[in-house]
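K.L.:
My questions all concern the structure below.
The values are calculated or read from the model by the stated rules, or taken from the named source; none is laboratory data. All figures in this text were calculated on a predicted structure; none of them were measured in a lab. Cβ: placed from backbone, ideal geometry, glycine included. Neighbour counts: every protein chain shown. Just so you know, the surface numbers come from the protein's heavy atoms only, side chains and all, with ligands and any DNA or RNA stripped out. Shrake-Rupley method; radii C 1.70, N 1.55, O 1.52, S 1.80 Å.
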Amino acid sequence: MTAQLIDGNAVARTIRAEVAERTAALKARGVTPGLAVILVGEDPASQVYVGKKVEACQQAGMHSVLERYEATMTEADLLERVRALNADPAIHGILVQLPLPKHIDADKVIETIAAEKDVDGFHVASAGALMTGLPGFWSCTPYGCIKLLESTGVPIKGKHAVVIGRSNNVGKPMALMLLAKNATVTVCHSATADLAHHVRQADIVVAAVGRRNTVTADMVKPGAIVIDVGMNRNDEGKLCGDVDFATVKEVAGWITPVPGGVGPMTVTMLLVNTVESAERVAAA
Ligand code: NAP
């Protein structure tokens, strides 16, 4: 069996077109969705990520602000900037790019972002809202995975999903989102005794580990949907995921490639959350 490819670029394009329509509708009512991105320091990967986020906002017709600061910026100055953006009515979403320089407490910065502008979904209030089913913002990478799953047309409800990884930004919210969609969820991690045993039971596998070849063909139930969040480098230095794509695609029913799977969805869901935030303000 050869799996059907879940094309993250195509799903992202469709969702971004919807975001552009929602943005145009808001603008017609006098509200332009606005995202502020703060980058502290010179981390090369972070510079690429923030550039993509700002560019995506502009393409969707949104207002975006990129604030760049030296790595020597004090925590107090950063907190002051976040508070100013909290109070700025032109800004509906605030994102502070991680990692921050070591002298700055990232948790403190994130908790200073107003929960109603936490479009990255990292605030404790956003995590609590996801946990309790209250309205909040779902964090972008797992939310993107849900959209990829939905794009297959296969119902999530009633399926057994195995999430590999339990980080606060991917694994744990992913498990809660799948639960919210009425899947039965197993969460595996580095202390899981027999990973293959659990993965073999799964109708849906989400791998968020950061180690290539964590999921191999012998571990996958025929026809399963496999979502690969991992971003690693292979021996040739090429980007690859946590899943052994070449062999797993012969067993799975659906599979995301790396690159071109989960990656394009993270920025897309940031746009979705920002337009959603502006719609909430417009409706208030
Ligand atoms: P993380 O914080 O390092 O978490 C990794 C998780 O994998 C941990 O829960 C860890 O278990 C578990 N793990 C490690 N070795 C394992 C093993 N042998 N068997 C089972 N579980 C194991 O990483 P993360 O931030 O969640 O990111 C995971 C991957 O996704 C990385 O490659 C990252 O680059 C990628 N990522 C991609 C995107 C995107 O947009 N495409 C976004 C975010 C992250 P313990 O909890 O027991 O340590």
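K.L.:
Could you state the per residue volume, in Å³, of the convex hull enclosing the Cα atoms of the chain?
P.N.:
That works out to 131 Å³ per residue.
K.L.:
Could I ask something else about it? Leaving out ligands, DNA and RNA, and with a 1.4 Å probe, what % of the accessible surface on the range 140-263 is carbon or sulfur?
P.N.:
Roughly 51 percent, rounded to a whole number.
K.L.:
For MET131 and GLU70, calculate 0.36 nm times their separation in residues minus their Cα-Cα distance, and state this gained length in nm to one decimal.
P.N.:
Extra length from MET131 to GLU70 when fully extended: 18.4 nm.
K.L.:
When the chain is fully extended, how far beyond the present Cα-Cα distance does ASN234 get from GLN201, taking 0.36 nm per residue of separation?
P.N.:
The ASN234-GLN201 span can extend by a further 9.1 nm.
K.L.:
Taking springs between alpha-carbon atoms closer than 10 angstrom, which of SER126, SER139, SER46 fluctuates most in the Gaussian network model of the chain?
P.N.:
Evaluated over the chain, the most mobile residue of the options is SER46.
K.L.:
Taking a probe of 1.4 Å, how large is the accessible area per residue of the chain, in Å²?
P.N.:
Heavy-atom SASA per residue in the chain reads 46 Å².
K.L.:
Given the Cα-Cα distance of ALA191 and ALA90 and 0.36 nm per residue of separation, how much length would full extension add, in nm?
P.N.:
Extending this stretch completely gives an extra 31.8 nm.
K.L.:
Given the peptides 75-87, 53-65, 205-217, arrange them by the average over their residues of other C-beta atoms within 10 Å, most packed first.
P.N.:
Those peptides, ordered most packed to least, come out 205-217, 53-65, 75-87.
K.L.:
Pop a pseudo-label 7 angstrom from the Cα along the beta-carbon direction at both LEU79 and ALA28 and give the gap in nm to one decimal.
P.N.:
Computed distance between label sites LEU79 and ALA28 equals 4.4 nm.
K.L.:
Over the range 81-195, what relative contact order in percent results from Cα pairs under 8 Å that are six or more residues apart?
P.N.:
Averaging sequence separation for qualifying contacts and normalising by length gives 18 percent for the range 81-195.
K.L.:
Given an 8 Å cut-off on Cα distances and at least 6 residues of separation, report the relative contact order of the range 30-119 as a percent.
P.N.:
Normalised by residue count, the contact order of the range 30-119 is 37 percent.
K.L.:
Which order, highest average first, do 108-116, 158-166 follow once you tally other Cβ atoms within 10 Å for each residue and take the mean per peptide?
P.N.:
By packing density, highest mean first, the sequence is 158-166, 108-116.
K.L.:
Between THR216 and THR14, how high is the FRET efficiency from 1/(1 + (r/R0)^6) when r is the Cβ-Cβ distance and R₀ = 51 Å? Nearest 0.05.
P.N.:
Between THR216 and THR14 the formula returns 0.95.
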